[in-house]
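The values are calculated or read from the model by the stated rules, or taken from the named source; none is laboratory data. Not measured: the values here are computed from a predicted model. Quick reminder, even Gly has a Cβ in these numbers, built from the backbone with ideal geometry, and neighbours come from all protein chains shown. Heavy atoms of the whole protein, side chains included, go into the accessibility calculation; ligands, DNA and RNA do not. Shrake-Rupley method; radii C 1.70, N 1.55, O 1.52, S 1.80 Å.
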Amino acid sequence: MIEATSLTKRYGAKTAVDSIDFAVRPGQVTGFLGPNGAGKSTTMRMIVGLDRPSAGRVLVNGKPYAEHAAPLREVGALLEAKAVHTGRSARNHLRSIAATHGIPRRRVDEVIDLTGLHSVAGKRVGGFSLGMGQRLGLAAALLGDPATLILDEPVNGLDPEGVLWVRGFVRQFAAQGRTVLLSSHLMSEMALTADHIIVLGKGRVIANATVAEIVGSTQTFVRVRSPRIDEVARRLTQPDVTVTSVDADVIEVRGLPADVIGDAALSVGVALHELTTVQGSLEDAYMNLTRDEVEYRTTVTPDAALAEGIAR
Ligand code: ADP
């Protein structure tokens, strides 16, 4: 369980995290979303005591991270996929972390197996691919057999098989009654992995709900295909109905249910070749939630955007 209360981080005049409250509960995967610069990494760093809050607090299993006698056993964290530049083998790298935390060597072998690093455990970490580095980071996070896992962009650099593996892994981890907080910019992946979503925007919580609730808040539309689509579109024209032409024979209709559209087509004697109700995706919901951010971004000049991108 992670609980943030009025959690705030300021860097000089910049408020990176602006008095946020949220809880990350055990037994489910919580996704952490938000545009670049929204404050996700800063929040994650404060959870694991790498950054001090300017105000407010964040507790892990009832205490600030640093006050736990064996923090590695409380929280495992994979933050920013930084390559570990070391000549050590993966096994020795993990052994050195284990040794400084009083974790037995057999646990090193267990996490190597758990993360699929067996075949490369004897190889130099410095030569690892990003994907292998991610698995190694996850292995290190799991060393203390923690009740809570915090993963910042864990599928970055992984191949499709690796992405699938991380998804299965965190789902299983949460199913054991543990807590998972996970950030990702891959919305389709998040929709498949997370149960609950917290969205940050400009340092504030702009959504905190289940994936089903967030997806349910998107507008559905109806996709209609017909060789005489113009006649259908004309028949549907009325206030509060939006008809968008998608293809020569396809329209998308917002504001009317499929049965009304089907009846309207029949009334003008036009055959429909498709009539599909489409629910918005998590990505659509996310885009709606963060539209203000995006508008703000598109108003900056390309040079400023570039500089901003580099600054991050
Ligand atoms: P996210 O992880 O959502 O992309 P961050 O937490 O990295 O966002 O950043 C939030 C804001 O705080 C950004 O505007 C970023 O530039 C700023 N920021 C982050 N770390 C620092 C720092 N060490 N010094 C100054 N500003 C920072």
Hey, can you tell me all the residues within the stretch 19-46 that are more than 15 Å from residue 75 (Cα to Cα) and near the ligand (Cβ under 10 Å from one of its atoms)? 32, 33, 34, 35, 36, 37, 38, 39, 40, 41, 42
For the list (1) of a type outside the set (Ser, Thr, Tyr); (2) open to solvent by 20 Å² or more (accessible area, probe 1.4 Å); (3) farther than 22 Å from residue 150 by Cα; (4) in contact with a helix residue (DSSP H, G or I) (Cβ under 7 Å, 6 or more places away or on another chain), I need the number of the one condition that residue 253 fails. (2)
Residue in the stretch 50-59 that is among the hydroxyl-bearing types (Ser, Thr, Tyr) and over 23 Å from residue 153 (Cα atoms) present: yes
For the stretch 226-290, list the helices (runs of 4 or more DSSP H) that sit wholly inside it and hold at least 3 residues that are of a type outside the set (Gly, Ala, Ser), at pLDDT 95 or above and over 30 Å from residue 201 (Cα atoms); which are they? 229-236, 258-267
Does the stretch 54-69 include one or more residues that are within 13 Å of the ligand (Cβ to nearest atom), modelled with pLDDT of 95 or more, surrounded by fewer than 21 Cβ atoms within 10 Å (Cβ to Cβ) and assigned by TED's automatic domain parsing to the domain that holds residue 193? yes
Restricting the stretch 73-94 to residues that are more than 16 Å from the ligand (Cβ to nearest atom) and within 23 Å of the chain's Cα centre (by Cα), the residue that is modelled with the lowest pLDDT: 83
Under the condition of being within 16 Å of the ligand (Cβ to nearest atom) and in a loop (DSSP other than H, G, I, E, B), which residue from the stretch 1-18 is farthest from residue 206 (Cα to Cα)? 12
Single residue of the stretch 1-36 satisfying the filter (open to solvent by 50 Å² or more (accessible area, probe 1.4 Å) and in contact with a helix residue (DSSP H, G or I) (Cβ under 9 Å, 6 or more places away or on another chain)) that is farthest from residue 177 (Cα to Cα): 11
Mind counting the residues in the stretch 19-51 that are touching a Leu at 6+ places or on another chain (Cβ under 9 Å) and not aromatic (Phe, Trp, Tyr)? 21
Those residues of the stretch 15-38 which are farther than 20 Å from residue 167 by Cα and modelled with pLDDT of 95 or more, in sequence order: 15, 16, 17, 18, 19, 20, 21, 22, 23
Out of 215, 155, 166, 211, report the one residue that is in contact with a Pro (Cβ under 9 Å, 6 or more places away or on another chain) and at pLDDT below 95. 166
Is it the case that residue 43 is assigned to a strand (DSSP E or B), modelled with pLDDT of 95 or more, under 30 Å from residue 283 (Cβ atoms) and hydroxyl-bearing (Ser, Thr, Tyr)? no
